[in-house]
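Take a look at the structure set out below.
The values are calculated or read from the model by the stated rules, or taken from the named source; none is laboratory data. Remember, it's a predicted structure, so these values are computed and weren't measured experimentally. Cβ sites come from the backbone with ideal geometry, for glycine too, and all protein chains shown count toward neighbours.
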Amino acid sequence: MRLNVKVIPNSKTNRLVMEEGRSRVYLTIPIKDKNPDKALIKFLAAHFYVKKNMISIISGQDRREKLVQVLKG
């Protein structure tokens, strides 16, 4: 499954909000975090009950808008 994700850092809680056409992922990481992609992968793995290596960021590694691939086992 592929998801268009917009990452919103510096939130009070980690959560996923599904919208039409894309998802918003609110993460508690600070805006200046050096590697927010690791936090996103960890959160999505827990949310979808898969291992972290089953999730990959296809595009948008250095941006808030990302295309994410989630493999189901």
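Give me the residue from the stretch 13-32 that is surrounded by 14 or more Cβ atoms within 10 Å (Cβ to Cβ) and of a type in the set (D, E, K, R) and, out of that set, nearest to the chain's Cα centre (by Cα).
If we take residues in the stretch 13-32 being surrounded by 14 or more Cβ atoms within 10 Å (Cβ to Cβ) and of a type in the set (D, E, K, R), then 24 is nearest to the chain's Cα centre (by Cα).
Just give me the residues in the stretch 32-50 being at pLDDT 90 or above and out of contact with any helix residue (DSSP H, G or I) (no Cβ under 6 Å at 6 or more places or on another chain), in sequence order.
37, 38, 39, 40, 42, 43, 44, 46, 47, 48, 49, 50
Which residue out of 31, 41, 57 is aliphatic (A, V, I, L, M) and in contact with an Asp or Glu (Cβ under 9 Å, 6 or more places away or on another chain)?
Selected residue: 57, the only one of 31, 41, 57 that is aliphatic (A, V, I, L, M) and in contact with an Asp or Glu (Cβ under 9 Å, 6 or more places away or on another chain).
Would you please list the contacts, defined by Cβ atoms under 9 Å and residues six or more apart or on different chains, that run from a residue in the stretch 1-12 that is surrounded by fewer than 16 Cβ atoms within 10 Å (Cβ to Cβ) to a residue that is among the hydroxyl-bearing types (Ser, Thr, Tyr) and part of a loop (DSSP other than H, G, I, E, B)?
Short answer, once both residue conditions are applied: 10/28; 11/28; 12/28.
Scan the stretch 43-54 for residues that are surrounded by 12 or more Cβ atoms within 10 Å (Cβ to Cβ) and closer than 19 Å to residue 29 by Cα and jot them down.
Residues satisfying the conditions are 43, 44, 45, 47, 52.
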